[in-house]
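The values are calculated or read from the model by the stated rules, or taken from the named source; none is laboratory data. Because the structure is predicted, anything quoted here is derived from the model rather than measured. Here Cβ is always computed from backbone atoms with ideal geometry, including for glycine, and neighbour counts include all displayed protein chains. Each accessible area value is taken on the protein alone, full model and side chains, heavy atoms only, with ligands, DNA and RNA left out. Shrake-Rupley method; radii C 1.70, N 1.55, O 1.52, S 1.80 Å.
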Amino acid sequence: MSNTFDRRQFLKNTTLTLTGTALPITMVELAFAKSSDNFNFAYISDSHIQQIKGNNFVRNWDRGLLRAVAETNLLTPKPDFIIFGGDLAQMGSKPELDHGAEMLSKLHGKVYHVMGEHDYYLDLGEYWSKLFGKHYYSFDHKGVHFVVLNSIITYDDWTFNKWPTAQQRMAEMAGLDNPNGSPFMVGDKQRDWLKKDLAKVKKDTPVIVFSHSPLQKIYKGWNFWTEDAEAVQALLAPFDKVTVFYGHVHQIQYNQIGNIAFTSAMATAWPWPYPQAYAQAQQLLPKLTVQMNRADPFFERDATGWQFIDVATGRASVNYNLYNNATRTVAFDAQEGHPKDSGYQAVEKRIPPQTHY
Ligand SMILES: [Fe+2]
Ligand SMILES: [Fe+2]
């Protein structure tokens, strides 16, 4: 943890915690040489608000988001803004998006939104746009260039020609291991935009990119994957310090590809297992990533949680707080040139998974 960040002070007013120690949000502090430029922001992701019928929504997912909103509002210092990392809704419907938006409207501060596939594939983001604005955009904040991408689009033929109804299209994209699904991508149009956007940015300006899917290839069957990841990475390559934050995977992952550090966020709704615990197909979980322990796979609140990220040198130090598990810090190691788990990177120091009977 950086000296610039006092967690105790930071959390002193966050007394609304339901389990006492963990908040299902991401708290980010960006600290630079000039202390006046330090700032932080909150990052909430993957709430999957799901309508059962009428005003009945899946309570557990509601609670996850409500909790994140309440605790974000109690943070000290107050975050400069909040990022919502996508998959606000489960099936992309108006009632789900409205219900999610209403909960998010209680946040004190500006919210920047990232598109998730669960928000998109019913009406291709039309209603989401009415609520939240553009699907991809950039902004500058206190010396950092932020880019938000919509990384979950796919081939036009799949989107426009394959499905008799929008509901079926949404349902097909919502499933894991669905052979009827289609790989995510950023796409030509958005990459052209990104190229122009980045042309205005100095190479030593820290660049922080938010996408919903990882801008790297981990496991295709679950779309822990972006088809044109290498092409996006190539656009980011000229910059000295690039960090990509992503949701979608509902688990801790981190990686380093060239100059780009990658870190994922946990969901407020539920954790996904790691691909190799389940998948028969090849998967490419980054070798750097030490998996988070799931103490009880039948307790879905376990392995949800929060993290704050300190970018003291323009590089991220990510502090993951898991419910019912030890806090983990994954910090960029300048000497080794990649994110490193300060507690568990060494094999002998890792927490062994519990045995279940
Ligand atoms: Fe998700
Ligand atoms: Fe997703």
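Things to note:
- Label separation (residue 197 vs residue 349): 3.6 nm, computed from points 7 Å beyond Cα along the C-beta direction.
- Counting only protein heavy atoms and using a 1.4 Å probe, the accessible area of residue 182 comes to about 10 Å².
- Exposure check, 1.4 Å probe, all protein chains in place: residue 336 carries approximately 90 Å² of accessible surface.
- Residue 224 sits with roughly 0 Å² accessible to a 1.4 Å probe, with DNA, RNA and ligands left out of the calculation.
- Potential extension, residue 142-residue 167 segment - 0.36 nm per residue separation minus Cα distance: 4.8 nm
- Placing a pseudo-label 7 Å from each Cα along the Cα-to-Cβ vector at residue 59 and residue 126 gives an inter-label distance of 3.5 nm.
- Relative contact order (percent, whole number), segment 25-314, Cα cutoff 8 Å, 6+ residue spacing: 20
- Given 195/349; 130/196; 94/142; 189/220; 78/220; 162/203, the pairs whose alpha carbons are separated by over 32 Å: 195/349; 94/142; 78/220; 162/203
- Prolate/oblate/rounded label for segment 25-314 (Cα gyration tensor, a/c 1.5): rounded
- Global geometry of segment 157-197, whether rounded, prolate or oblate, following the gyration tensor of its Cα atoms and the 1.5 cut on a/c: prolate
- Net charge of the neighbourhood of residue 193, taken over other residues with C-beta under 14 Å away and scored Lys/Arg +1, Asp/Glu -1, is +2.
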